[in-house]
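The next block holds one structure in the form of C-alpha cells; read it before the comments.
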C-alpha cells in the first residue's frame, strides 16, 4: 500500500515531530501526547481516530496554535506553529456561531479579523455558501438554522480566508446519525471540489475510513500513534462503500489497534 | 387571540372593581382624607396639579435629575466595568472598594451628598448616579466575562488581537447583561433622585411629596405616587424598547418576540 500521496515528492503541509504534551509540571503531571510523529502531504485528507481521552483534541489545539507543545515541534509549511496563525481554518465540535451576526456576518468573521476586503470576501462567501447548499440563507441568523446547516456555516467560515490547512475537531459529533452521514458525503464532495489539506478528528471509525485518504489511529493514556495507514477506496465514495468487505477490513483494523491499546474497555 | 383579549378585559375589570370597592369603603366608613383618600379624591388632586402646571414643573425637574444621573452613572459604571473585566490588576486593587460600596445602602449617602453638593440639582444628579452605578457595573463585568471558551478559542484560532476579541466577541456577548443592568439603573436613578429630594431640595416630585406630607395632603401624595409610578414605567419602557431592537438575537428576547409574532401573525414558521 503506497499511494501517490505518500511519495517523497509530495510537499508536506504539516510535519509533526516527536511531539509531547504534558499537563502540569509535577510528578502527577498527565502525559497527554507521547512522541507523536506524522506528516500530512499537500491536499491530503487525514483522519485521526481514537477514543475520548486519547489526546486527539490536544493535538488539534497544538496544530491550531491554541496551546504550546511541551516537547518536539509541529510545522506548517516548514515554519513552526508557535501561536495562532492566519493560514489555518478550524471547525470545532459545536458550530460556535455568533447569534448577533447573520450567516454572512459569521462567515466573514475571519475576513473582518484579518482585515481582508469585505467586498471581495463577500463574493467568496456567496460562492462557498452556494457550494454547501446554503444560498439564499445569507441574511438569516444562526438560530434560524438546523444543527447541520449551522455546521455548514462553520465550515464556510473556516474556508473563507483560503487557509493552507483545515482542522476539523469532531465537527459532526453533535449531529444525529442520519444528518451525520449526509454531512460526510457533503464534506467529501466539498473537499474534492476545493482540495484543501484536511486534518479531521473523529471518534467514529466508520467516519474516519469513509473520509480519509489516510487514517491515523491514536491510542490513549498516553496518546500515541497506534497505526497509520492509507485507505485505498476510490472517490467519490458513496455511503454504500460502508457495506463492502474492504471497508469493513479497515474498520476492523482500527478496532484491533484500539483493543490492543486498551482503548475499548 | 381570544384568550389574550379576555385576559386583558378581566385585568381591567379587576382594577376597576378594586377602585370601586376602595371608593365605597372610604365613603361607607367616612375614613378621614388625611388617612386614606378615596380614589375620586386622588384623581381630583391629580387633575388640579396637572391643570395648574404645578406638577409639570416638578416632573420636569425630577426627570431631568433622573436622566442626567442615569447617564452619568451608566458612563462611569460602563467604563469602570470594562476596566475591571479586562484587567486583573485593576480588579485586584478596586475589589475592596467595590465590595464595601456594594454592601452599603447607597441612599444612606444622600445627606452627605446634600452637604457636599448643595440643595440644587447637582446633589440629586449625583445621588441618582450613585444608586444607578452599581447594578450596571456588576452586570458589565459579569457580561464581559461570560464569553464561552469555545468562542474565545475560535477568535484566538483566527489570530484575533485582544481588542478584536473585545469588540467582536466580549462586548456584543455582554449586551444582554448590560441592558439588564441599564433597566435596573434607570429605575434606581429615579429612586436616587427622589431620595435626594427628600433630604433637601427646592423642587422635584420628592420635595412635593414631603411638603404635602407636612400639610397632610394625602390625596396629593397619592397623586404624585401615581405620577412616579407612570414615570418609572415610561423610563423603563424606553430602555427595554431599545433593548428589544438591539438584542433581537438574544434567546431570552426571542421568547418574547416569538410570542408577539405568534399573537400578531398567527405563528412564525
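Read-outs throughout are calculated quantities, based only on the coordinates presented, and are distinct from any laboratory measurement. Values in this document were obtained by computation on a predicted structure and should not be read as measured data. With ideal geometry, Cβ positions are generated from the backbone for all residues, glycine too; neighbour counts draw on all protein chains shown.
If one takes the longest principal axis of the Cα atoms in chain B, at what angle in degrees, from 0 to 90 and to the nearest 10, does the Cα axis of helix B:171-199 lie?
Between the helix axis and the principal axis of chain B, the angle is about 30 degrees.
For region A:1-108, what is Rg from Cα atoms divided by 2.2 N^0.38 Å, rounded to two decimals?
In units of the 2.2 N^0.38 Å rule of thumb, it is 1.25.
Cut-off 18 Å, label point 7 angstrom out along Cα-to-Cβ of residue A:123: give me the residues of region A:66-89 whose amide nitrogen falls inside.
Output list for this probe position: empty.
In whole Å, what are the Cα extents of region B:1-95 along the three principal axes, biggest one first?
Each principal axis gives a Cα extent; for region B:1-95 these are 67, 42, 26 Å.
Taking the simple approach of a point 7 Å from Cα along Cα-to-Cβ for both residue B:202 and residue A:79, what is their distance in nm?
Here the modelled spin labels are 6.9 nm apart.
What number, rounded to the nearest 500 deg cm²/dmol, is the helix-based mean residue ellipticity at 222 nm of chain B, given -39500 (n - 2.57) per DSSP H run of at least four residues and division by all its residues? Mind showing how you got there, number by number?
Details: 12 runs with 217 residues, N = 269.
That calculation yields -27500 deg cm²/dmol at 222 nm.
Write down the percent of antiparallel bridges among all DSSP beta bridges whose residues are both part of the protein assembly as shown, to the nearest 5.
50 percent
How would B:52, B:146, B:223 line up from fewest to most surrounding beta-carbon atoms within 10 angstrom?
B:52, B:146, B:223
Please compute the modelled spin-label separation between residue B:90 and residue B:20, points set 7 Å along Cα→Cβ, answer in nm with one decimal.
According to this spin-label approximation, the distance is 5.9 nm.
Based on the mean of other Cβ atoms within 10 Å per residue, sort peptides B:228-241, B:109-122, B:172-185 so the most packed one is first.
Taking the mean over residues of other Cβ atoms within 10 Å, the ranking is B:172-185, B:109-122, B:228-241.
Can you give the relative contact order of chain A as a percent, counting alpha carbon pairs under 8 Å and 6+ residues apart?
Numbers: 508 pairs, mean separation 67.5, N = 265.
Relative contact order here is 25 percent.
Roughly speaking, what is the stretch gain from residue B:234 to residue B:142, that is 0.36 nm per residue apart minus the C-alpha to C-alpha distance, in nm to one decimal?
Working: separation 92, 0.36 × 92 = 33.12 nm, distance 2.71 nm.
This chain segment gains 30.4 nm when fully extended.
Could you list A:227, A:169, A:176 in order of exposure, starting from the residue whose Cβ has the fewest other Cβ atoms within 10 Å? Numbers along the way, then the final one.
Details: A:227 17, A:169 23, A:176 10.
Lowest to highest Cβ neighbour count: A:176, A:227, A:169.
Return the FRET efficiency for the residue pair residue B:31, residue B:98: r is the Cβ-Cβ distance, R0 is 45 Å, and the value is rounded to the nearest 0.05.
Here the calculated transfer efficiency is 0.40.
Relative contact order for region B:1-126 using alpha-carbon pairs under 8 Å, separation at least 6, rounded to a whole percent?
19 percent
Relative contact order, percent, of region B:37-248 when contacts are C-alpha pairs under 8 Å separated by at least 6 residues?
Across region B:37-248, relative contact order equals 30 percent.
Bins of 20 Å, beginning at zero and ending with the bin holding the largest distance: percent of Cα pairs per bin for the protein assembly as shown, please.
Once binned at 20 Å, the Cα pair distances of the protein assembly as shown give 17, 37, 25, 16, 5, 0.
Could you sort the peptides B:34-43, B:97-106 by per-residue average Cβ neighbour count (10 Å cutoff), highest mean leading?
Per-residue mean Cβ counts within 10 Å order the peptides as B:34-43, B:97-106.
Report the FRET efficiency, 1/(1 + (r/R0)^6), for residue B:167 and residue A:23, where r is their Cβ-Cβ distance and R0 is 41 Å, rounded to 0.05. List each step's numbers first, then the result.
On the way: r = 32 Å, r/R0 = 0.78.
The formula returns an efficiency of 0.80 here.
What is the mean projected area of the alpha carbon convex hull for chain A, to one decimal in square nanometres?
14.9 nm²
Which FRET efficiency value, to the nearest 0.05, is calculated for residue B:117 and residue B:56 with the Förster distance at 22 angstrom and r the Cβ-Cβ distance?
Numbers: r = 25 Å, r/R0 = 1.15.
My answer for the efficiency is 0.30.
Calculate how steeply helix B:121-144 sits against the longest principal axis of the alpha-carbon atoms of chain B, using the helix alpha-carbon long axis, and give the answer as 0 to 90 degrees to the nearest 10.
Compared with the principal axis, the helix lies near 40 degrees.
Quick one: divide the alpha-carbon radius of gyration of region A:98-162 by 2.2 N^0.38 Å and tell me what you get.
Details: Rg = 10.5 Å, N = 65, 2.2 N^0.38 = 10.7 Å.
Here the answer is 0.97, to two decimals.
At a 10 Å Cβ-Cβ cut-off, how would you order B:62, A:79, B:140, fewest neighbours first?
With the fewest neighbours first, B:62, A:79, B:140 line up as A:79, B:140, B:62.
Could you work out how far helix B:54-86 tilts from the main Cα principal axis of chain B, as a 0 to 90 degree angle to the nearest 10?
The two axes meet at around 20 degrees.
Given points 7 Å out from each Cα along the Cα-Cβ axis, report the residue B:108 to residue A:37 separation in nanometres with one decimal.
Between residue B:108 and residue A:37, the label points sit 7.1 nm apart.
Taking each pair of distinct Cα atoms in chain B once, what is the resulting Kirkwood hydrodynamic radius in Å?
21.6 Å
Determine the shielding of peptide B:156-166 by partner chains: average, over its residues, the number of Cβ atoms on other chains within 10 angstrom of each Cβ.
Numbers: counts 6, 16, 17, 10, 7, 1, 0, 0, 5, 1, 0.
If you average over the peptide's residues, the count of other-chain Cβ atoms is 6.
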